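A quick write-up on the structure given underneath.
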Amino acid sequence: MGRKRNPVEPGEFEDPLHNYDPPQYEDDLERSLCETQIKDMRITPVYCVTKDTPVSDVLELMWTKETSCVVVADDAGKPLGVFSSKDVLNKVADNDAVRTKPISEVMTPNARTVYATESPAKALNLMAIGGFRHIPVLNADDKVVGMLAPRRTTAFLQEHLV
């Protein structure tokens, strides 16, 4: 049984958004940062590996694909962490023994992520404040669909600065 609603008399209800003024932007860059979605930026290619992939295989992938970051994901495509050039320098470069171990032992776990439908402003804020160079991009099902990286972000900014 549903709730019984009282009829609304004319003039009794006033829409609180009836006088909403859309945001005013200083320039095209500001508008793009706030109104564009991350999925409209260049977020591919992205390379994913499983947590059991040997470090040596991930290094080979990074070398051949000329990428500085890969996402470590579970079988459903959900991120477990990232492995970047910083991890190579800090955890692998001077330790040959780690090359045969699974990537899960040297990855950066629980990487911060953004959704493809969020604004570039949010991603840039996360990169700047968190000090992250690479941020995995997820779809609504929390599966990896892209990667934001410094070059891609710079290209987006340059596109809108001209």
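Every read-out reported here was derived from the displayed coordinates using simple, explicitly stated rules and does not represent laboratory data. Quick caveat: nothing in here was measured; it's all calculated off a predicted structure. Methodologically, a virtual Cβ is constructed for each residue, glycine included, from the backbone with ideal geometry; neighbour enumeration extends over all protein chains shown.
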* Go through 39/86; 39/91; 51/122; 39/122; 51/143; 51/86 and tell me which ones have a Cα-Cα distance over 21 Å in this structure. => 39/86; 39/91; 51/122
* Sticking with the crude label model, points 7 Å out along Cα→Cβ, report the distance from residue 118 to residue 157 in nm, one decimal please. => 1.8
* To do: Sum up the charges of everything whose Cβ sits under 11 Å from the Cβ of residue 73, counting Lys and Arg as +1 and Asp and Glu as -1, but leave residue 73 out.
  => 0
* **Karplus-derived HN-Hα couplings along the range 50-62 (A = 6.51, B = -1.76, C = 1.60, θ = phi - 60°), whole Hz, x at Gly and Pro** => 8, 5, 8, 4, x, 3, 4, 5, 5, 4, 5, 4, 4
* Using θ = phi - 60° and the Karplus curve 6.51 cos²θ - 1.76 cosθ + 1.60, what whole-Hz ³J(HN,Hα) does each residue of the range 78-89 get, with Gly and Pro shown as x? -> 8, x, 10, x, 10, 10, 10, 4, 5, 5, 4, 5
* To do: Calculate, in nm to one decimal, what residue 59 and residue 75 gain on full extension: separation in residues at 0.36 nm each, minus their alpha carbon distance.
  => 3.7 nm
* Structure fact -> Stretched fully, the stretch from residue 142 through residue 89 gains (0.36 nm per residue minus C-alpha distance, one decimal, in nm) 16.2 nm
